[in-house]
Amino acid sequence: MADKGISLAKFIYNAYPQPNRWAIGVAVLLALGGGIGAILLFFHNRRLRVEIEGRKDAEERATRFSDLLDASLNEIYIFAADTLRFVKVNRGACQNLGYSVEEMLMMTPLDIKPDFTPESFDELVAPLRSGEKEKIQFSTIHRRKDGSLYPVEAHVQLASAGDPLFVAIMLDITERQAAEKALLKAAQEWQKTFDANSNAIWILDRHQRVQRANKAAERLFQQSGENMRGQICWRIAHGTDRPVDACPFLKAQKSLHRETMDLQIGDDWFEVAADPILDADGHFTGAVHIVNNISERVRSEREREKIQAQFMQAQKMESVGRLAGGVAHDYNNMLSVIMGYTELALEKTLPDDALHMDLREIMRAAKRSADITRQLLAFARQQTVAPRVLDLNETIESMLKMLRRLIGEDIDLVWQPKADIWPINIDPSQVDQILANLCVNARDAITDVGRISIATDTVSFDQDDCAVHKNISPGDFVRLMVSDDGCGMDQATLENIFEPFFTTKEMGKGTGLGLATVYGIVKQNDGFINVYSEPDKGTTFKIYLPRDTSKVMREDRAAPTTTPLGNGETILLVEDDASILKLSRRMLENLGYTVIATNDPIRALALGREHAGQVDLLITDVVMPAMNGRDLSHQLNPHCPGLKTLFMSGYTADVIAHRGVLDDKVCFIPKPFSKQALAAKVREVLESDTA
């Protein structure tokens with residue numbers, strides 16, 4: 001019996017796990033003290049207690065598991081692998097779908113997934129059934145009890161192998177999808193903005209590799225953004241194996257702020273900018289590289305600079321013109337006195353007299369001085385002129401003999417007129433000045449022998465021509481061309497040739513007023529001038545003078561060969577400068593006229609009334625104290641009906657024009673004038689039909 005007890009104790013000892021081996025001692029004691037029945041009863045009760053405690057522990061674990069499932073906000077489902085019937089659903093699933101637990105346990109996944117059929121679902125979970133995969137993940141749609149739909153992300157796995165169950169965890173991705181759509185929309189809008197920019201833009205990393213490129217960059221560099229990605233920027237832009245000098249990226253990498261450079265490629269100009277990209281710690285990680293085509297801006301700036309230069313040139317010309325105009329009156333008055341008395345003195349000497357020769361030199365110098373004044377006034381467009389309608393070919397032909405003497409025998413002068421050119425309205429003396437200045441310049445540009453060509457033709461310009469050539473005007477023009485085969489001019493010289501006092505000639509061989517005079521005359525007559533020249537290839541001046549449409553041609557009056565004398569006519573002479581008054585009176589009296597002279601226009605009115613009906617001609621200065629010559633003439637007319645008037649002035653055209661003196665049919669003689677010129681003009685006025 002004892003042996004059987006010991007054997008049973010050993011069995012129990014070996015049968016129970018380590019924590020329960022204390023039962024061995026009890027079993028042995030019971031075996032030794034009282035019998036097998038008691039022992040068996042003990043162990044039966046013990047096993048029953050263990051089973052009860054196990055079930056209780058399992059229930060507690062199940063309860064805790066259920067609580068964990070319900071605590072999750074995600075939907076959790078456990079369903080049978082064969083019938084697909086839900087065996088467990090958590091509170092989150094019921095709340096999201098709107099069903100009760102009891103309703104859910106009567107349903108399958110197919111009841112809440114409108115996008116699945118039994119076949120498609122079986123195909124989806126087939127890798128789990130076969131053991132090919134432990135878990136699958138997919139996106140699907142759930143349908144609530146009220147019929148509304150919402151997106152979920154499903155994670156499904158096989159829970160057990162014996163009586164297989166599927167466990168599915170569903171994540172509501174409504175907010176995530178909305179966020180993804182918002183991000184996608186923002187990205188698309190950013191890309192649209194990125195591509196809509198007319199500037200070529202690259203996003204570069206710290207090694208100057210292209211990360212992104214917009215459409216403008218694709219067009220500029222003729223590559224797709226995908227093809228450019230990862231390439232070094234300067235290899236794409238410049239085709240070089242190293243960055244260009246003054247690369248804005250490298251400068252921005254050092255300065256950590258925007259850097260720019262201007263770059264010319266062919267006829268286009270670009271502004272290249274690099275804006276640094278910094279991380280949270282302020283470290284350089286790359287740059288936004290922007291290429292802006294600034295060709296139009298550069299052209300506009302150059303055009304503005306050109307206009308500014310022209311404006312400054314105009315101001316300079318105006319300043320010199322004001323200076324010339326300011327001194328012209330007094331200067332011409334003094335020249336009038338010098339030339340007048342010299343002319344009177346010449347009449348009293350014999351040609352072979354030494355004094356006669358000296359006086360002729362004085363007269364020659366005075367005339368040269370008068371020419372300089374006229375040049376200044378012509379350049380400033382303030383020259384007093386008497387324009388008339390003429391045929392340019394006839395005017396030039398009358399000058400050819402003089403021009404050939406001017407340029408010398410070594411230079412061939414070629415005249416190439418176009419027949420039947422349009423008439424123009426210009427003072428003939430201005431044509432003389434233009435041709436004389438251009439031919440002298442051409443002569444000086446030729447070394448030894450050479451050729452000067454003068455040609456005329458007609459040309460018309462429309463608005464389209466003016467859009468292409470900025471310095472022309474629409475209309476019909478007669479074109480005068482003067483060309484030479486001399487040394488030519490470089491661009492720097494061409495830019496300055498019309499400036500007053502600019503000259504390339506040696507000291508003492510040029511005043512710098514010749515071309516300025518030509519320019520002033522052309523502008524004064526509403527024309528324009530172009531110059532074409534290259535070093536060693538000669539020069540061509542093209543002058544465009546507007547066509548006259550009045551169809552009125554005036555005949556030239558032949559210059560008198562002798563000095564016309566008076567027939568005792570009475571002349572009222574009014575001049576505020578005492579020297580000129582004295583000189584003019586003496587000249588007129590020597591010519592045979594009766595002269596009533598005064599330096600006061602108010603006194604002249606009284607003299608006119610006193611000699612009413614006796615005065616044949618009023619010769620008056622234009623600008624005088626108290627009253628100008630025009631008003632004096634008007635106020636004398638009632639007392640001297642039919643009174644003819646000859647105006648004279650040393651002022652420039654702009655000063656006297658607004659007083660009406662230069663109106664058509666008004667007689668005018670500019671100072672300084674010679675006795676011969678005064679005699680001819682007085683006879684012309686006296687014999688004219690107009691008062």
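Overview of results
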| read-out | value |
| --- | --- |
| Extension gain from M402 to Q315, taking 0.36 nm per residue of separation minus the Cα-Cα distance | 27.8 nm |
| Sequence of L165, L355, L678 once ranked by neighbouring C-beta atoms within 10 Å, starting from the fewest | L355, L165, L678 |
| Approximate spin-label separation V531-A159, in nm, with each point projected 7 Å along Cα-to-Cβ | 10.2 nm |
| Sorted by Cβ density within 10 Å, fewest first, the residues W269, W190 | W190, W269 |
| Two-site FRET efficiency, Y150 against W190, from Cβ-Cβ distance with R₀ of 25 Å, rounded to 0.05 | 0.30 |
| Stretchable slack from D600 to D82, in nm (0.36 nm times residue separation minus alpha-carbon distance) | 172.9 nm |
| Residue order, fewest to most surrounding Cβ atoms within 10 angstrom, among I307, I232, I452 | I307, I232, I452 |
| Positive-end extreme of charge dipole, the stretch 72-178 - chosen from G147, A93, Q157 (charges on Cβ) | A93 |
| Pairs of Cα atoms farther than 22 Å apart, the stretch 72-178, % | 25 percent |
| Segment H257-L171, extension gain: residue separation times 0.36 nm, minus the distance between their alpha carbons | 26.3 nm |
| The stretch 197-293 - Kirkwood radius from inverse mean 1/r over Cα pairs (Å) | 13.4 Å |
| Above-threshold pairs, the threshold being 19 Å between Cα atoms, out of K582/K671; K348/K671; K367/K401; K401/K542; K306/K542; K88/K113 | K348/K671; K367/K401; K401/K542; K306/K542 |
| Ranked by how many other beta carbons lie within 10 Å on average, peptides 411-420, 538-547 from highest | 538-547, 411-420 |
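Rule-based calculations on the coordinates, nothing more; no lab input. Predicted model only: the values in this text are computed from it and were never measured. All Cβ positions, glycine included, derive from the backbone under ideal geometry; neighbour counts span all protein chains shown.
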